[in-house]
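Here the structure comes first, spelled out in structure tokens, and everything after it is commentary.
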Amino acid sequence: DTGVSQDPRHKITKRGQNVTFRCDPISEHNRLYWYRQTLGQGPEFLTYFQNEAQLEKSRLLSDRFSAERPKGSFSTLEIQRTEQGDSAMYLCASSPRQGAGANEKLFFGSGTQLSVL
Amino acid sequence: EDQVTQSPEALRLQEGESSSLNCSYTVSGLRGLFWYRQDPGKGPEFLFTLYSAGEEKEKERLKATLTKKESFLHITAPKPEDSATYLCAVQGLPGNTGKLIFGQGTTLQVKP
């Protein structure tokens, strides 16, 4: 079990540039989540996939953000025309699908720290 | 709107000094309340899930309890390696997506 892997670990970009992050979930986990965390705050939900289908997206998520999971395995999160307010840790998590009432335990990666200058 | 508030924001303890962290929540229907531990530069690591008022879970020096409006994480005789940020999160009904609402966390420092 290699855990959830995220790449890169750190990204520094200039305002207005596009960035893309990758997440490799634990194999056989069919649920994948993206969260964003700023300093001193808890993670904030961005979006959720079950297999390749994006089933939920936060209302707070700007249309500059897009996420894909084309084959139901790895996922990418792209931010277009980055702004300084996008600076944060972007966390990916995965979980196996379980029956109703089961434990929705999320396994998190170590995140991608984005700094927009 | 679902909301989670944790207190205190920061807590400093001497090794062996027991204490409790509080998590107050407002949710339309609770499917589960979760505690996670987060070390600097890492993602959150799962500790416990609680489903109903009165439920308790234990793991080593940690014990989590749940009422209808709040949860407590009790730390008994903490050690320096327990230093971390502890996050509380809730999952509301219908709860079939795994989406969690997190509090801001309590940063615990245990001095030897």
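The values are calculated or read from the model by the stated rules, or taken from the named source; none is laboratory data. If you're wondering where the values come from, they're calculated on a predicted model, not measured in any experiment. Using ideal geometry, Cβ is built from the backbone for each residue, glycine included, and neighbour counts are taken over all protein chains shown.
Which one is farthest from B:Phe102 (Cα to Cα), of the residues in the range A:1-35 that are hydroxyl-bearing (Ser, Thr, Tyr) and crowded, with 20+ Cβ neighbours inside 10 Å?
Checked the range A:1-35; the qualifying residue farthest from B:Phe102 (Cα to Cα) is A:Tyr33.
Do we have B:Ala77 as out of contact with any strand residue (DSSP E or B) (no Cβ under 9 Å at 6 or more places or on another chain), aliphatic (A, V, I, L, M) and more than 11 Å from every other protein chain (Cβ to nearest Cβ) here?
yes
Which of the residues belonging to the range B:1-29 are more than 29 Å from A:Ser110 (Cβ to Cβ) and within 13 Å of another protein chain (Cβ to nearest Cβ)?
Scanning the range B:1-29 gives a single hit, B:Glu1.
Sort out which residues of the range A:36-67 are touching a residue at least 12 places away in the same chain (Cβ under 8 Å), among the acidic types (Asp, Glu) and either loosely packed, with under 14 Cβ neighbours inside 10 Å or part of a strand (DSSP E or B) (or both), and write them in order of number.
The answer is A:Glu44, and nothing else.
For the range B:1-108, give me every one of the strands (runs of 3 or more DSSP E) that falls completely inside it and has 1 or more residues that are β-branched (Val, Ile, Thr).
B:3-7, B:19-26, B:45-50, B:62-66, B:70-75, B:84-92
Quick one: how many residues across the range A:55-76 are touching a strand residue (DSSP E or B) at 6+ places or on another chain (Cβ under 6 Å) and within 20 Å of A:Glu28 (Cα to Cα)?
Matching residues across the range A:55-76 total 7.
Out of curiosity, is A:Leu91 of a type in the set (A, V, I, L, M) and surrounded by fewer than 21 Cβ atoms within 10 Å (Cβ to Cβ)?
no
Could you figure out which of (1) of a type outside the set (Asp, Glu); (2) closer than 28 Å to B:Leu50 by Cβ; (3) surrounded by fewer than 20 Cβ atoms within 10 Å (Cβ to Cβ); (4) at the interface with chain B (Cβ under 9 Å from one of its Cβ atoms) isn't true of A:Gln113?
A:Gln113 satisfies every listed condition except (2).
Inside the range A:12-33, can you point out the residues that are over 16 Å from A:Ser75 (Cβ atoms) and either outside any strand (DSSP E or B) or free of Cβ contacts under 8 Å to residues at least 24 places away in the same chain (or both)?
A:Lys14, A:Arg15, A:Gly16, A:Gln17, A:Asn18
So if I check each of A:Arg59, A:Arg9, A:Arg36, which one is modelled with pLDDT under 95, of a type in the set (Lys, Arg) and more than 11 Å from A:Ser75 (Cα to Cα)?
From the options A:Arg59, A:Arg9, A:Arg36, the qualifying one is A:Arg59.
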